[in-house]
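The values are calculated or read from the model by the stated rules, or taken from the named source; none is laboratory data. Here the structure is a predicted model, which means the values were calculated and not measured. When we count neighbours, we look across all protein chains shown, and the Cβ atoms used for this are built from the backbone with ideal geometry, even at glycine.
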Amino acid sequence: MATREQQLEVVEQFFGGPRELDRLSLMSDDVEWWNGLGKFPGAPGQTVFRGKEEIGAQVLGRAPAPTPPNGRRVDRYDLATVSFDDVVTIDDGPYVFRQHTYRATTMGGRPYENVYGFLFRFADDGLIDRIWEHWGTLQAWETLFQGPLALTDVDEVLQTTPSVRKRLDLERPVPREVIQECMDIAVHAPNGSNQQPYRFVFVDDPDTRGELAGIYRAAMSDFVNRPRTEAPEDNVDRSSAQQQRIAESVYFLAEHLQEVPVLCVPFVAGRTDGNGPGAQADRTDTFWQASRWGSVIPTLWSLMLALRSRGLGSAWTTLTLVREREVAELLGMPYDQWMQAGLFPVAYTKGLDFRITPRRPATEVMAWNHP
Ligand SMILES: Cc1cc2nc3c(=O)[nH]c(=O)nc-3n(C[C@H](O)[C@H](O)[C@H](O)COP(=O)(O)O)c2cc1C
């Protein structure tokens, strides 16, 4: 029979022992570990793990985890950063219960904090033969297993992705890796003949951002002062409170554009405005227009959704196209070969709580069989 002191020492070693210590050496051969998550990549739905081999592979994460279908990898906590607080240890016969607050940084650099309660049962030889692990599984799932997602509900992301201007966080840097991850997702959008005829240029160089902002403001002034016609787009009623708010927000963005950490300019190959070379000069009908724009805009919208689900935001802007040639020259993308879809400021957003974007109900803009 193991003594009380021996059992407590094993538990202490289990959590506080050196990293090289093989935790499996503290367990019996027929050990069982209950863990309520049921979301280990290599063992979906499984909550009880039996024997050292299975526990080593799945729970202690020694087996290579299969890539989940969403392509995201588990963002493990970094064992070198672990600390325990509020430790409570209770023992009763062959049982030891320990609760603690666990703090660590993930390999991806994000903070992880969770409360764990472990109930251990000891065999006569002083080795652990049962473990019940009670923990904040939602917190663990969202931080460690979901990757760096701030929002996970697809319907919520689709309905709450606005044009963010005033709530772009101009102080917080945007790591290139986050943009890369969002683009890795966005390129899966549909596009004509799967040729992916687009280039997304991300600008984080301050001087170039400043020049883009200058072009944006000059284009805005051209647009505001353009000659008006009878066309509806020349006669938008700006008197409502909502339109006033949009205008105020648009001016805010124009003023601060150079401070936005990343500016994205998406390009699509070919021109549909008659300014392309050779045969392209004639390819201006709706077939060519829809096919070209349809080969870049789905990717753009996917990019905005992927940004939103990671706590970043953007605004769809087309004003720079009034001075498209200047942007083409600045970025070195030949104007006669590439059209620009707009300019997209990218930053973390101040908060995540965006309301559902105000739109007319779908029933007003849809029909069955007859328009
Ligand atoms: C094709 C297109 C062009 C746009 N151009 C601009 C623009 O140049 N500048 C700007 O600040 N917002 C621009 N917007 C953003 C719209 O103003 C915005 O989507 C609209 O007011 C609805 O706001 P919400 O999406 O935040 O609900 C554009 C949006 C689209 C789809």
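For the stretch 160-183, check the following and say yes or no: at least one residue is within 13 Å of Met304 (Cα to Cα), touching a Pro at 6+ places or on another chain (Cβ under 6 Å) and touching a residue at least 24 places away in the same chain (Cβ under 8 Å).
No, the stretch 160-183 has no match at all.
Yes or no, residue by residue, for (1) surrounded by 13 or more Cβ atoms within 10 Å (Cβ to Cβ); (2) of a type in the set (D, E, K, R); (3) more than 35 Å from the chain's Cα centre (by Cα); (4) over 27 Å from Lys166 (Cβ atoms):
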{"position": "Gly214", "(1), (2), (3), (4)": "yes, no, no, no"}
{"position": "Asn235", "(1), (2), (3), (4)": "no, no, yes, no"}
{"position": "Ser240", "(1), (2), (3), (4)": "no, no, no, no"}
{"position": "Gln244", "(1), (2), (3), (4)": "no, no, no, no"}
{"position": "Ala254", "(1), (2), (3), (4)": "yes, no, no, no"}
{"position": "Val265", "(1), (2), (3), (4)": "yes, no, no, no"}
{"position": "Ala281", "(1), (2), (3), (4)": "yes, no, yes, yes"}
{"position": "Ser295", "(1), (2), (3), (4)": "yes, no, no, yes"}
{"position": "Leu300", "(1), (2), (3), (4)": "yes, no, no, no"}
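Taking Trp338, is it modelled with pLDDT of 95 or more and more than 27 Å from the chain's Cα centre (by Cα)?
Yes: the conditions hold for Trp338.
Based on what the data block shows, is Gly276 assigned to a strand (DSSP E or B), touching a residue at least 24 places away in the same chain (Cβ under 8 Å), small (Gly, Ala, Ser) and at negative phi?
No, not satisfied.
For the stretch 296-335, name all the residues that are part of a loop (DSSP other than H, G, I, E, B), away from the ligand (no atom under 16 Å from the Cβ) and farther than 21 Å from Pro175 by Cβ.
Of everything in the stretch 296-335, those that are part of a loop (DSSP other than H, G, I, E, B), away from the ligand (no atom under 16 Å from the Cβ) and farther than 21 Å from Pro175 by Cβ turn out to be Gly332, Met333, Pro334, Tyr335.
Does the stretch 137-145 contain at least one residue that is in the same structural domain as Tyr77 (by TED's automatic domain parsing) and over 23 Å from Pro44 (Cα atoms)?
no
Checking the conditions here, which among Leu158, Leu138, Leu168 is within 16 Å of the ligand (Cβ to nearest atom), surrounded by fewer than 18 Cβ atoms within 10 Å (Cβ to Cβ) and under 20 Å from the mean Cα position of the chain (by Cα)?
Leu158
So, in the stretch 343-361, how many residues would count as being more than 12 Å from the ligand (Cβ to nearest atom) and either in contact with a Cys (Cβ under 6 Å, 6 or more places away or on another chain) or not assigned by TED's automatic domain parsing to the domain that holds Pro261 (or both)?
1
In this structure, does Gln196 turn out to be away from the ligand (no atom under 13 Å from the Cβ), on the phi > 0 side of the Ramachandran plot and either touching a residue at least 12 places away in the same chain (Cβ under 8 Å) or surrounded by 13 or more Cβ atoms within 10 Å (Cβ to Cβ) (or both)?
Judged against the criteria, Gln196 is a match.
Going through the stretch 85-96 one residue at a time, which ones are surrounded by fewer than 10 Cβ atoms within 10 Å (Cβ to Cβ) and either closer than 16 Å to Glu133 by Cβ or aliphatic (A, V, I, L, M) (or both)?
Val88
Would you be able to tell me the number of residues in the stretch 26-84 that are of a type in the set (S, T, N, Q), assigned to a loop (DSSP other than H, G, I, E, B) and surrounded by 13 or more Cβ atoms within 10 Å (Cβ to Cβ)?
Selection size over the stretch 26-84: 2.
Filter the stretch 63-105 for residues that are in contact with a Leu (Cβ under 9 Å, 6 or more places away or on another chain) and of a type in the set (A, V, I, L, M) and give the result.
Within the stretch 63-105, Val74, Val96, Ala104 meet the criteria.
Within the stretch 129-244, which helices (runs of 4 or more DSSP H) (wholly inside it) include 1 or more residues that are modelled with pLDDT of 95 or more and under 21 Å from Arg323 (Cα atoms)?
Because the criterion is at least 1 residues that are modelled with pLDDT of 95 or more and under 21 Å from Arg323 (Cα atoms), the helices (runs of 4 or more DSSP H) in the stretch 129-244 that meet it are 206-224.
Filter the stretch 52-76 down to the residues that are modelled with pLDDT of 90 or more and touching a Gly at 6+ places or on another chain (Cβ under 9 Å) and list them by number.
Of everything in the stretch 52-76, those that are modelled with pLDDT of 90 or more and touching a Gly at 6+ places or on another chain (Cβ under 9 Å) turn out to be Ala57, Gln58.
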